[in-house]
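For reference, the structure discussed in these notes is given below.
Just so you know, all these numbers are worked out from the coordinates, no wet-lab data involved. As the structure is a computational prediction, the values presented were derived from the model and not from experiment. Cβ sites come from the backbone with ideal geometry, for glycine too, and all protein chains shown count toward neighbours.
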Amino acid sequence: AKSWILKKHFEGFPKSSDFELKEVELPKIKDGEVLLQTVFLSVDPYMRPYSRRYMKEGDIMIGGVVAKVVESKNPTYPVGAFVVSNAGWTTHFISSGKGLQLMLREWPEKLPRSLALGTIGMPGLTAYFGLLEVCRMKPGETVLVTAAAGAVGSVVGQIAKIKGSKVVGCAGSDEKVAYLKQLGFDETFNYKTIGSLEEALKKASPDGYDCYFDNVGGEFSSVVLNQMKKYGRIAVCGAISLYNDTVEQKGNYVQIPMIFQELCMEGFIVSRWDNRREEGLKALLKWVEEGKIKCPEHVTEGFGNMPAAFMGLLKGENTGKAIIKV
Ligand code: NDP
């Protein structure tokens, strides 16, 4: 098995030299075990802050994969079955079955299995529960979503449209912004070229925002808070604008708009709804099959390109879900 190792903790923006490719021979599988071959790897922003908090140098990089059972001594996972697992950046692995999720039995042949790492997987569930449970979005409201052309953001915007709201989305290039229009977003802007963010937000929704699905955090979000409507709800999903910072954040106080607009701001991690995973996946699958949710993917070929794809994601190279096809 080949695996990408965290050779050195990231300082600021990750570099190629922070990763190392290692190869090991896996042992023969024992009773109850299966040998899996990775087919797709997920490339996600959380890997950056997660590595700092939870990983040691020398560990295999964390991450979700879609894998195929190639040898089995466990009847629950026969040869040929596909699973989703948090195996990390690795081409092959052995499992006792713990932590493996069989792909939805009714997975339609026409849909790529990589969607189990995107719209019909963790990022889709993040959008679903973040918008419906944390933002508690109601029809007719106005929703703002950042990193809107990404894996989570693109699904947030499309669910908000299905559920009858006005959606404003922003992203970091004109091509992405044009794509958001194709996905049905009502108002869009390129946050890198607008000049005044405050004016762009006011222009897109003069009355302000009921819901803010925050994927970026930082200075941007401080400006948004002052544009929230009374009783607005903010789902703090991610803070990608801060992940590579080397200096501690100062300032950007949230209290004044929180009080005067009586806002509700809540951070969340998608695993809170693990017991409702099936419900979320079924809803997402149905919308995808009905053509109500489009699933943009940014697929890079080759396991060796995993670090480059990860660094590219942090720079905004992806439109839609970033995936590696092994
Ligand atoms: P995306 O597919 O959205 O990819 C990341 C995108 O972030 C890039 O394409 C880029 O797009 C944008 N970006 C990068 N740097 C900045 C910056 N400085 N300011 C603004 N935007 C930036 O990733 P995901 O959809 O997988 O994740 C989106 C967010 O959701 C992340 O913050 C992630 O950590 C979080 N998340 C949280 C979960 C939870 O359980 N709470 C679960 C999953 C994701 P652009 O060109 O528009 O700048």
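Among 116, 49, 239, which residue has its Cα positioned farthest towards the positive end of the charge dipole of the chain, with +1 placed on the Cβ of Lys and Arg, -1 on the Cβ of Asp and Glu, and the dipole taken about the Cα centre?
The residue sitting most towards the positive pole is 116.
With a sphere of radius 10 Å drawn around the Cβ of residue 21, what net charge do the other residues whose Cβ falls strictly inside it have (Lys, Arg +1; Asp, Glu -1)?
After counting each charged neighbour, the total is +1.
Taking the alpha-carbon distance from residue 56 and a cut-off under 15 Å, which aspartates and glutamates remain once sequence neighbours fewer than 8 residues away in the same chain are dropped?
Result set, ordered by chain and number: 11, 18, 20.
Give the order of 11, 266 when sorted by the count of other beta carbons within 10 angstrom, beginning with the fewest.
11, 266
Out of the DSSP beta bridges found with both residues in the chain, what percent are antiparallel (nearest 5)?
Bridges in the chain are about 50 percent antiparallel.
Work out the charge dipole of the range 1-155 with +1 on the Cβ of Lys and Arg and -1 on the Cβ of Asp and Glu about the Cα centre, then indicate which of 34, 76, 131 is farthest towards its positive end.
Farthest towards the positive end: 131.
In straight Cα distance, which lysines are under 18 Å from residue 192, not counting same-chain residues fewer than 8 positions off?
Straight-distance partners of residue 192: 176, 181, 202, 203, 315.
Which three extents, in angstrom, do the Cα atoms of the chain have along their principal axes, listed largest first?
Each principal axis gives a Cα extent; for the chain these are 63, 44, 34 Å.
Can you tell me the relative contact order of the chain? Whole percent, Cα pairs under 8 Å, sequence separation 6 or more.
Computed value for the chain: 18 percent relative contact order.
Roughly how big is the chain's charge dipole about its Cα centre, with Cβ charges of +1 (Lys, Arg) and -1 (Asp, Glu), in debye to the nearest 20?
The calculation lands at about 420 debye.
Could you list log10 I(q)/I(0) for the range 122-271 at q = 0.13, 0.16, 0.19 Å⁻¹, which the Debye formula gives when each Cα is one point scatterer?
-0.51, -0.80, -1.17
For the residues 277, 48, what sequence is obtained by ranking on other C-beta atoms within 10 Å, fewest first?
Going from least to most buried by this count: 277, 48.
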